[in-house]
Amino acid sequence: MAERHLEIEQKYDAASDFVLPDLDGLPDVASTGTPEAHELYATYYDTADFRLAAHGITLRRRRGGTDAGWHLKMPAGPDSKQELRAPLGRPSVVPTRLSALVAAYTRGAELGPVATLDTGRTVVRLYDADGRELAEIADDLVTGRAGAGAEPDRWREVEVELGGGGTPELMKATGKRLRKCGARRAASSSKLGRLLGGAVTPSAAAAARAAARSRVAAATSNGKGPAVTTGEVVLAYLAEQVDAVLAFDPKARLAEDDAVHRMRVAVRRLRSALRSYRPVLDAERTAPLNPELRWLAEVLGEVRDREVLRMRFAGAPAFLLDDLNQQEQAAYRRLNAHLKSARYFALLDELDQLVLDPPLAGMADRKARKELPGLVTRAWTRMAKDYHSIRTSNDPDLARHETRKAAKRARYAAELAVPVLGVAARRVVKDAKRIQEVLGDHQDGVIAMEHLEAAAKRTNIPAEAFTLGVLYGKEECEAEAAKGRLSTTWSQTLGPSF
């Protein structure tokens, strides 16, 4: 697994005659270290059309300094990047562990060298009274070449990177002191971005998603029932979910906490929107997406089910947890194999097209405030029908499961409408979520019982079988209790009232 590091830094452009100011007296700074000089040599890798750079991602192999090796940096928030490192290895051979993390962006395209940067760096470290490093100030003289044989570009910049004890106040005060001495905030957040400049253009799909979301956000910011169309609101919601799939893709590959769950929820929201808002969409164009989204949700679900069981059985005997851990790790291996498949990349391409070339039809051009109430109400009515079928069904557990799925669709349908319908839609979201959660408690109990039953069949040790039986009984009681709460929870919901 690649080494991880959250990098919080700001960059400043500086003239060739810039002099680093006195750094004493900054917040919490008790002393400054002796300046350290390093020579750094980095080769940057990307696809031929700069797919990584277009998303603010950099991948390099750097020699020299204290952290020689491969570095992958991905945006993580304002002034912050998630940095993952791997050993130097062989030149021109990108570590698989790093290339896999950007596969959602490269989608099978080859990674190759696109630029080199040679940096003469002088580092000054700032410490608190206990000797803890607060920040690192790097004064860099950079020579960059965008490709073999390119003319060199030279500049100077200063980086301020917070250490483990550094604070935003220290970052702000340091920047203010640098600016007073003539430095100015860099236009680019990376050296590679500055070097490549206009050669890198934002991803057309990412730009389209951002535009779709901003249109609705701007139109609904005054809360007075804006005249946005139903199609615009649906498109903004779809864009938000596609962004979420891409954002959680590398986190899911790294098995970060809750990442698989959140990626799966984004996939389910996409499926739900395509179903609940059929009158707004061209069914012929969206139909092929449904089985592919269902496939991806199932792939993610295999891992998620094991995660839920692991959390549910926390504190259980080691023999059960060890077996569950092995199953979870195997599920992650299968997930990572699927996430680098041609099928997955093709689905991502289709999701790009969903916003680049919107499949809008039917009532898409009608006013959202007029059409959304009926579409949300329709989703709720379908859930209510499934709920009332539980009492007459030959398979009540299946009916509960279908009601839970319908509750999710009603919840997501109302979520989509919140920017336009406001409080009324939020109440539907809350009510549907309550139904979903109580049915989810029942479903989790059923899955847990199935897992315990399968585990009991694999053991010949009486003590283990007894423990599994006790746990089974506990899960059965909890599942029954959830069933008992369902009618009470339903009676407390109000449903749509637009």
Cβ-Cβ under 7 Å pairs, at least 6 apart or on other chains, the stretch 451-469 side in contact (Cβ under 8 Å) with a residue 24 or more places away in the chain, far side surrounded by 11 or more Cβ atoms within 10 Å (Cβ to Cβ) and assigned to a loop (DSSP other than H, G, I, E, B): 467/317
Out of all the residues in the stretch 231-277, which are farther than 20 Å from residue 106 by Cα and polar (S, T, N, Q)? 272, 276
Are any of the residues in the stretch 131-143 modelled with pLDDT of 95 or more, outside any strand (DSSP E or B) and of a type in the set (A, V, I, L, M)? no
Only one of 355, 428 is in a helix (DSSP H, G or I), in contact (Cβ under 8 Å) with a residue 12 or more places away in the chain and in contact with a Pro (Cβ under 7 Å, 6 or more places away or on another chain). Can you tell me which? 428
Could you tell me whether the stretch 456-468 includes any residue that is of a type in the set (Phe, Trp, Tyr) and surrounded by 15 or more Cβ atoms within 10 Å (Cβ to Cβ)? no
If we ask which residues in the stretch 431-447 are crowded, with 23+ Cβ neighbours inside 10 Å and either free of Cβ contacts under 8 Å to residues at least 12 places away in the same chain or of a type in the set (D, E, K, R) (or both), their number turns out to be 1
Just wondering, is there one or more residues in the stretch 118-127 that are modelled with pLDDT of 95 or more, over 23 Å from residue 14 (Cα atoms) and more than 27 Å from the chain's Cα centre (by Cα)? yes
Filter the stretch 251-282 for residues that are in contact (Cβ under 8 Å) with a residue 60 or more places away in the chain and hydrophobic (A, V, I, L, M, F, W, C); the one that is nearest to residue 351 (Cα to Cα) is 270
Being in the same structural domain as residue 272 (by TED's automatic domain parsing), at pLDDT 95 or above, within 27 Å of the chain's Cα centre (by Cα) and under 16 Å from residue 53 (Cβ atoms) is the requirement here; does residue 235 meet it? no
Looking at the stretch 284-316 only, could you name the residues that are among the charged types (D, E, K, R) and in contact (Cβ under 8 Å) with a residue 60 or more places away in the chain? 285, 305, 312
(1) touching an Asp or Glu at 6+ places or on another chain (Cβ under 9 Å); (2) at pLDDT 95 or above; (3) not β-branched (Val, Ile, Thr) all hold for residue 70 apart from (1)
Unique residue being of a type outside the set (Asp, Glu), closer than 27 Å to residue 276 by Cβ and within 19 Å of the chain's Cα centre (by Cα) when the list is 335, 351, 360: 351
Scope the stretch 131-170; condition of a type in the set (D, E, K, R), without any contact (Cβ under 8 Å) to a residue 60 or more places away in the chain and in contact with a strand residue (DSSP E or B) (Cβ under 6 Å, 6 or more places away or on another chain); matching residues: 133, 136, 140, 145, 153, 154
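Here is a yes/no grid of residues against (1) crowded, with 17+ Cβ neighbours inside 10 Å; (2) more than 30 Å from residue 214 (Cβ to Cβ); (3) at pLDDT below 95:
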residue	(1), (2), (3)
385	no, yes, no
404	yes, yes, no
411	yes, no, no
415	yes, no, no
418	yes, no, no
429	yes, no, no
452	yes, yes, no
486	yes, yes, no
497	no, yes, yes
State which residue is nearest to residue 21 (Cα to Cα) when the search covers only the stretch 153-177 and only residues that are loosely packed, with under 12 Cβ neighbours inside 10 Å and more than 27 Å from the chain's Cα centre (by Cα). 176
For the condition in the same structural domain as residue 479 (by TED's automatic domain parsing), at pLDDT below 95, more than 30 Å from residue 51 (Cα to Cα) and buried (at least 18 other Cβ atoms within 10 Å of the Cβ), what is the one hit in 324, 375, 398? 324
Residue count, the stretch 269-279, condition within 21 Å of residue 243 (Cα to Cα), of a type outside the set (Gly, Ala, Ser) and in contact with a helix residue (DSSP H, G or I) (Cβ under 6 Å, 6 or more places away or on another chain), comes to 5
Tell me, which helices (runs of 4 or more DSSP H) lie completely within the stretch 265-340 with 3 or more residues that are of a type in the set (A, V, I, L, M, F, W, C) and on the phi < 0 side of the Ramachandran plot? 289-312, 318-338
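The values are calculated or read from the model by the stated rules, or taken from the named source; none is laboratory data. Please read all numbers here as calculations on a predicted model, not as lab measurements. No Cβ is skipped: glycine too gets one built from the backbone with ideal geometry, and neighbour counts run over all protein chains shown.
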